[in-house]
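Notes to accompany the following structure.
The values are calculated or read from the model by the stated rules, or taken from the named source; none is laboratory data. In this text, all values refer to a predicted model and were calculated from it rather than measured experimentally. Backbone-built Cβ (ideal geometry, glycine too); neighbour counts: all protein chains shown. When the accessible area is computed, the model is the full protein with side chains, heavy atoms only, and any ligands, DNA or RNA have been set aside. Shrake-Rupley method; radii C 1.70, N 1.55, O 1.52, S 1.80 Å.
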Amino acid sequence: QFFVLCHGLLQLSQLLVSGYLKSSISTIERRYGLSSQTSGLLASFNEVGNTLLIVFISYLGSRVHRPRLIGCGALLVSLAGFLMSLPHFITGPYEYDQSVASTSSNTTDLCQPGAPGSWANLSDASCTPHASRENHEVLLVMFTAQALLGIGGVPIQPFGISYIDDFASERNSPLYLGILFSVTVIGPGVAFLLGSAMLRFYVDIDKGGAAEVQLTSEDPRWVGAWWLGFLVAASLVALSALPYFFFPREMPKEVPPVLAGFPVVLLRNLRHPVYLLVVLAQVNISAMVAGLATFMAKFLERQFSLTASFANMIIGAVNIPGAMVGIVVGGAILKRFRMSLRQCSAMCVLGMLLCLLLAFPLLFLGCPTQKVAGVTYWDSPGVAHRALACNQQCRCPGQAFNPVCGSDGVEYVSPCSAGCRAVSTLPADGSVLNYTNCSCIPGNGVPGSAEPGTCSSGCSHLFLPFVVLSCLAGILASTSHTPSFMLILRSIQPEDKSFAVGIQFMLLRVLAWMPGPVLYGSAIDTACILWERRCDRKAACRYYDNSLFRHRYLGLQFFFEVGAF
């Protein structure tokens, strides 16, 4: 029982490390200028280390000191967590475009019709050879950490489950494994809640400059303390690893599996129609979940103008518990009605059909793209991209990003692009109240004014129906979780069970968890209409076409749901 407790804690903290990345992905994109394709590749990279070793390590099962190997794996996971936060400490402080010249640099993004060179801007000045090299270092560290995370996670689940199953009584074993299964579902939920809490702090809270920062978490330039969560999660994994070095190896000698029969057993399972079809259905569901887990928070942020912190809270407190309810309900129905295999498959089909019916309306629930002058909105057709006549004398830097909302309801990329020449600030902390004398914003006979931050999307009433429908669709899809496992376990030969489950997990990784996030990230990138550029390369996306983003992201999900059905 103590081993089950320790293993539950370890699995929870391991999932905190891997799930936390997904909760802070949009923040890391903004901080280091990554495209969604790159961040999707980063999110799925831990599966690479995992897939390479899982079959080999599972084969070693009975010949090694399982608890110690679990402990070593956990220490690797902990190291990976600490490595993930390292980029924050090896790079300089976060710099963003601002209108009020800060004490450290005399930069501004107000309209300054003076001689060329009288203005300076961070976006244009930030491309030094050092900045370019720094970015490569950040990616190298993060990809290495993700690979280590995958390798460290290999022994944890298979060895933990087989160790428990070897020594627990046959009556208690399903209960213990059920407890561990439920922890694997709670883990990601806790990770999103941790992300919600950490992203409320400013990224450079430890570098002393946080006091003079004039951003709030609603500001599109805000970057939260993404690295803090990795330190918390990695510390928890390190603590959970310690007891494993003191558990005994003691176990009855199992007969080692003979590798000669390997191809025969493999072909026997892959030629089994029920096994193959159910695994393919699970591949589709897993591909859907991979995209959901990686980019759902980003989707909610962009679609409904939410803060990263609030989007994570919704996923951690509503969507993930919903999926958990579905799994439990599916298992309970299975037990209550003692279902045959045919009834199990009928239940899976019904669950997916209802999920499809609820997921379809989601494609139409969302906000239109905001009006951004020179990006998505022009006064007269054919005006060149962002070269508005009203701000041409301002000599705006090409890469300035400090969105303001004009009194005309149109958003501008920066105060300069709105032609604003004056700014009023609060004397207490220097935070911006509003911008005035803006030549691009029509006022009553005088130049208009603008407020800092993006314009609201004006469709917040659609947010609640969206969350309710997506949660219900998730509950219905996850009712098929347990019956589909039963279909696999009961349709194959008893001696093939553990091998068949191993092959199943490997196929899920190779066909769904590895390519899934990259596929979703690439689809999301195609909906971008204004890229930030760093050192002549595309960095993070500034603005998306909201309808395109919704149709491609949710359309891909719908495609996989149909595939599973």
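Below, the figures for the structure above:
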| quantity | calculated |
| --- | --- |
| Accessible solvent surface per residue of the chain, calculated while the other protein chains remain in place, 1.4 angstrom probe, Å² | 44 |
| For segment 478-491, Karplus couplings with θ = phi - 60° (6.51, -1.76, 1.60), whole Hz, Gly/Pro x | 7, 5, 7, 4, 5, x, 6, 5, 4, 4, 6, 5, 8, 9 |
| Cα-projected label distance for Val274 with Ala317, points at 7 Å along beta-carbon direction, nm | 4.4 |
| Computed [θ] at 222 nm, deg cm²/dmol, the chain (DSSP H ≥ 4; -39,500 (n - 2.57); rounded to nearest 500) | -18500 deg cm²/dmol |
| Residues listed by number, segment 11-41, amide nitrogen under 18 Å from Ser173 label point at 7 Å toward C-beta | none |
| Lys/Arg +1, Asp/Glu -1 at C-beta; the chain dipole; positive extreme among Ala523, Val328, Pro483 | Pro483 |
| Dipole axis of the chain (+1 Lys, Arg; -1 Asp, Glu on Cβ), positive-most option in Ala80, Tyr544, Leu354 | Leu354 |
| Spherically averaged projected area in nm², based on the convex hull that wraps the Cα atoms of the chain | 28.2 |
| With at most 12 neighbouring Cβ atoms within 10 Å, loop GluC sites (Glu not before Pro) (DSSP) excluded, longest segment of the chain | 255-565 |
| For a label point 7 Å along the Cα-to-beta-carbon line of Leu353, residues of segment 523-564 with backbone N under 18 Å | 561-564 |
| ³J(HN,Hα), Karplus 6.51/-1.76/1.60, whole Hz, each residue of segment 420-431, x for Gly, Pro | 6, 10, 9, 9, 10, 10, 6, x, 4, 10, x, 6 |
| Whole-percent carbon and sulfur share, accessible surface of the chain, 1.4 Å | 67 |
| Within the chain: Cβ-based charge dipole about Cα centre, in debye rounded to nearest 20 (Lys, Arg +1; Asp, Glu -1) | 1540 |
| Largest to smallest principal axis extent of the C-alpha atoms in segment 382-452, angstrom | 44, 30, 20 |
| Integer Hz, Karplus 6.51/-1.76/1.60 couplings in order for segment 73-85, x for Gly and Pro | x, 5, 5, 5, 4, 4, 4, 4, x, 5, 5, 4, 8 |
| Semi-axis lengths, Å, segment 128-203, gyration tensor of Cα atoms, sqrt of 5 times eigenvalues | 39, 19, 5 |
| Label-point separation in nm, Met506 to Ser456, each point 7 Å along Cα→Cβ | 5.5 |
| 5 angstrom amide H check on Thr425, placed H, neighbours 5+ away | Leu433 |
